[in-house]
Amino acid sequence: MTLTHRPTPAATFPNLGDRLATPALNYVAGRWEEASSGATFAVRNPAMPSEVLGRFPESAPADVARAITAAQDAFHTWSRLPAPQRGQVIARAIALLKERAEELAHALSWESGKVLAEARVEVTRGLNAMEYLVAEARRQAGQTIPSELPGTVTYTVRRPLGVVGLITPWNFPFAIPAWKVVPALVTGNTVVMKPAEQTPVCTALIVQAFDEAGLPSGVLNLVNGGPAVGEAIVADPAIKAISFTGSTAVGKLINQRASARLAKVQLELGGKNAAIVLDDADLDLAAREIAMGAWGTTGQRCTATSRVIVMKGVASALLDRLKTHAAALKVGHGLEDGRTMGPLINQEALDKVERYVAIARQEGATVLCGGERLGGELSEGYFYAPTLLTGVKPHHTVANEEIFGPVLSVIEVGSCEEALQVANSVPYGLSSAVFTRDVGRVFGYAEALETGLLHVNCATVLSEVHLPFGGMKDSGFGGREMGPTVIDFFTEWQTMYLRHL
Ligand code: NAD
């Protein structure tokens with residue numbers, strides 16, 4: 001295998017090469033520009049960190065302020081454009097992105113390390129979300145409700161909020177920006193976006209498509225950089241709402257700061273998702289879905305399965321199957337043919353996984369497979385073996401904290417009731433699954449589980465773009481993304497009392 005001498009996606013796709021020409025740029029008031037200081041940061045390939053994809057602007061608060069001013073200036077005209085006309089511009093951008101789906105998948109794999117097959121699925125999913133959400137241009141309905149007064153008509157309409165901030169993580173670098181930007185724009189808001197500093201390429205390609213589609217200047221602005229750029233967006237009183245996806249710690253901080261000035265917040269946060277396997281489960285099916293949920297995307301999904309809660313009688317049979325799935329994974333560079341699991345995003349993530357596995361060992365868990373960084377031809381990248389921990393107890397650190405890596409903890413329980421209690425015992429509440437053939441137990445699970453997403457006989461990671469997505473407890477706050485519910489976040493209601501004389 002040759003990791004170093006292969007054409008990069010930038011060489012294969014000229015548009016991507018142009019976008020990454022040094023330095024890549026911010027997009028403010030309809031123009032591509034450097035950060036005011038001229039400072040840049042490098043974006044690296046997680047499979048081969050010596051490979052720099054490009055340099056991006058290290059923006060300062062002054063750059064954020066200019067982007068927000070541009071968005072304020074554009075708001076009046078954009079918000080008064082009839083929604084179906086807004087939808088036409090957005091639809092043109094989506095059509096361009098569809099034409100470039102393969103380029104996007106390569107860029108996504110390159111910047112995030114995700115294997116190409118998963119990158120293609122993410123691009124398709126992001127495009128599906130955009131197509132579903134742009135149709136809101138012709139929905140956005142209010143209600144007419146009968147008045148108790150004679151000669152009076154009462155109805156409600158949705159109004160845009162103003163300038164909104166979108167702050168996104170690195171683990172879905174195309175889909176998450178895609179499914180935030182369309183509902184924000186189609187409802188008449190103007191936008192300042194900040195992608196994760198690890199993966200800014202896909203967002204730049206999305207913004208480029210909107211630029212080429214003829215979106216008016218200032219309606220969508222892109223400011224690159226790290227946490228300080230996010231903080232500047234959150235702190236600006238002109239930002240009326242913030243849609244954030246990322247860690248629970250940062251989400252809580254954003255909520256504190258934004259809610260102090262009554263800005264709306266939508267927070268999609270971390271998870272510690274459980275798959276419950278009962279003694280009547282189809283174990284082949286359960287193992288297949290759990291393995292995909294745990295090790296797919298190298299475990300770096302908010303909905304990743306990180307705990308298996310299994311009844312003692314079937315634990316050993318399930319473990320045998322899970323071990324077989326782990327052994328079948330082909331870990332490697334995401335753009336190499338046939339790879340099924342890529343690297344972690346960076347050194348910090350790799351250190352975190354190593355730290356948690358060491359803690360698990362100290363606390364008495366057993367490493368049934370994996371439990372180590374991968375060497376040899378993979379030693380330069382942030383590769384870690386798919387890992388299965390057994391003998392984990394509900395109070396262990398790895399059973400409670402989000403690891404965000406390819407580590408699956410197996411907890412054995414004696415009853416269905418105990419399984420439900422253990423599943424709910426963590427601060428998170430994003431996703432869960434149960435594997436059983438018993439319809440009574442299915443309804444018991446559905447009534448008991450404190451998670452925003454529920455799954456029966458399918459993986460915790462399953463979600464569809466036209467259904468509401470989000471978590472309870474420490475996993476989410478402020479309204480669901482996707483589905484019809486997302487429009488509620490990006491609009492507010494006005495109620496009319498109209499007396500006709
Ligand atoms: P992160 O919280 O470190 O960063 C997310 C974004 O916030 C980045 O753009 C970052 O630059 C920015 N940021 C960091 N500090 C900030 C601050 N003080 N103020 C404003 N912005 C700030 O998260 P991450 O490491 O990029 O992503 C991984 C996390 O995201 C995991 O916890 C994962 O579970 C979660 N996640 C949740 C969902 C969901 O839908 N629930 C989806 C994907 C990822």
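For the condition buried (at least 18 other Cβ atoms within 10 Å of the Cβ) and more than 25 Å from S475 (Cα to Cα), V314 qualifies. Of all the listed residues (V410, V434), the sole one being assigned to a strand (DSSP E or B) and within 28 Å of P468 (Cβ to Cβ) is V434. Here V331 meets each of (1) surrounded by fewer than 19 Cβ atoms within 10 Å (Cβ to Cβ); (2) within 30 Å of A105 (Cα to Cα) with one exception, condition (1).
For segment 108-122, the criterion of being β-branched (V, I, T) and within 19 Å of A175 (Cα to Cα) is met by at least one residue.
For beta carbons closer than 7 Å, sequence separation of 6+ or different chains, a first residue in segment 177-188 that is in contact (Cβ under 8 Å) with a residue 12 or more places away in the chain and a second that is surrounded by fewer than 24 Cβ atoms within 10 Å (Cβ to Cβ) and among the aromatic types (F, W, Y), the qualifying pairs are G188/W78.
Could you tell me which residue of segment 267-281 is surrounded by the fewest Cβ atoms within 10 Å (Cβ to Cβ), considering only residues that are more than 16 Å from the ligand (Cβ to nearest atom) and of a type in the set (D, E, K, R)? Among them, the one singled out is D280. Count of segment 282-324 residues, restricted to those that are under 19 Å from S415 (Cβ atoms) and either among the hydrophobic types (A, V, I, L, M, F, W, C) or free of Cβ contacts under 8 Å to residues at least 40 places away in the same chain (or both), is 12.
For (1) surrounded by 15 or more Cβ atoms within 10 Å (Cβ to Cβ); (2) part of a loop (DSSP other than H, G, I, E, B); (3) in contact with a Gly (Cβ under 7 Å, 6 or more places away or on another chain), each residue gets a yes or a no:
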site: V442; (1), (2), (3): yes, no, no
site: T451; (1), (2), (3): yes, yes, yes
site: A459; (1), (2), (3): yes, yes, yes
site: S463; (1), (2), (3): yes, yes, no
site: L467; (1), (2), (3): no, yes, yes
site: T495; (1), (2), (3): no, no, no
site: L501; (1), (2), (3): no, yes, no
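What about S112, is it surrounded by 14 or more Cβ atoms within 10 Å (Cβ to Cβ), touching a strand residue (DSSP E or B) at 6+ places or on another chain (Cβ under 6 Å), of a type in the set (S, T, N, Q) and at pLDDT 95 or above? Steps first, answer last, please.
Working: surrounded by 14 or more Cβ atoms within 10 Å (Cβ to Cβ): yes; touching a strand residue (DSSP E or B) at 6+ places or on another chain (Cβ under 6 Å): no; of a type in the set (S, T, N, Q): yes; at pLDDT 95 or above: yes.
Against the criterion (surrounded by 14 or more Cβ atoms within 10 Å (Cβ to Cβ), touching a strand residue (DSSP E or B) at 6+ places or on another chain (Cβ under 6 Å), of a type in the set (S, T, N, Q) and at pLDDT 95 or above), S112 does not qualify.
The set of residues in segment 205-240 being closer than 24 Å to V123 by Cβ and within 16 Å of the ligand (Cβ to nearest atom) consists of I206, V207, N221, L222, V223, N224.
Listed by first and then second residue, the pairs with beta-carbon distance under 7 Å, at least 6 apart or on different chains, first residue in segment 1-28 and closer than 18 Å to T199 by Cβ, second at pLDDT 90 or above and polar (S, T, N, Q), are R19/Q208; P23/T40; N26/S59; N26/N224; Y27/N221.
Segment 145-194 holds strands (runs of 3 or more DSSP E) entirely within its bounds, and those carrying 2 or more residues that are more than 16 Å from the ligand (Cβ to nearest atom) map to 152-160. Tallying residues that are among the small types (G, A, S) and touching a Pro at 6+ places or on another chain (Cβ under 6 Å) within segment 281-323 yields 1. Looking at segment 198-272, the helices (runs of 4 or more DSSP H) lying wholly inside it that each contain 2 or more residues that are touching a Pro at 6+ places or on another chain (Cβ under 7 Å) and not hydroxyl-bearing (S, T, Y) sit at 201-212. Among the residues of segment 282-291, those that are surrounded by fewer than 23 Cβ atoms within 10 Å (Cβ to Cβ) and in contact with a helix residue (DSSP H, G or I) (Cβ under 8 Å, 6 or more places away or on another chain) comprise L283, D284, R288. For the residues F383, F477, F404, the requirement of being touching a strand residue (DSSP E or B) at 6+ places or on another chain (Cβ under 8 Å), within 16 Å of the ligand (Cβ to nearest atom) and of a type in the set (F, W, Y) singles out F477.
The values are calculated or read from the model by the stated rules, or taken from the named source; none is laboratory data. What you are looking at is a predicted structure, and each value in this text was computed from that prediction instead of being measured. When we count neighbours, we look across all protein chains shown, and the Cβ atoms used for this are built from the backbone with ideal geometry, even at glycine.
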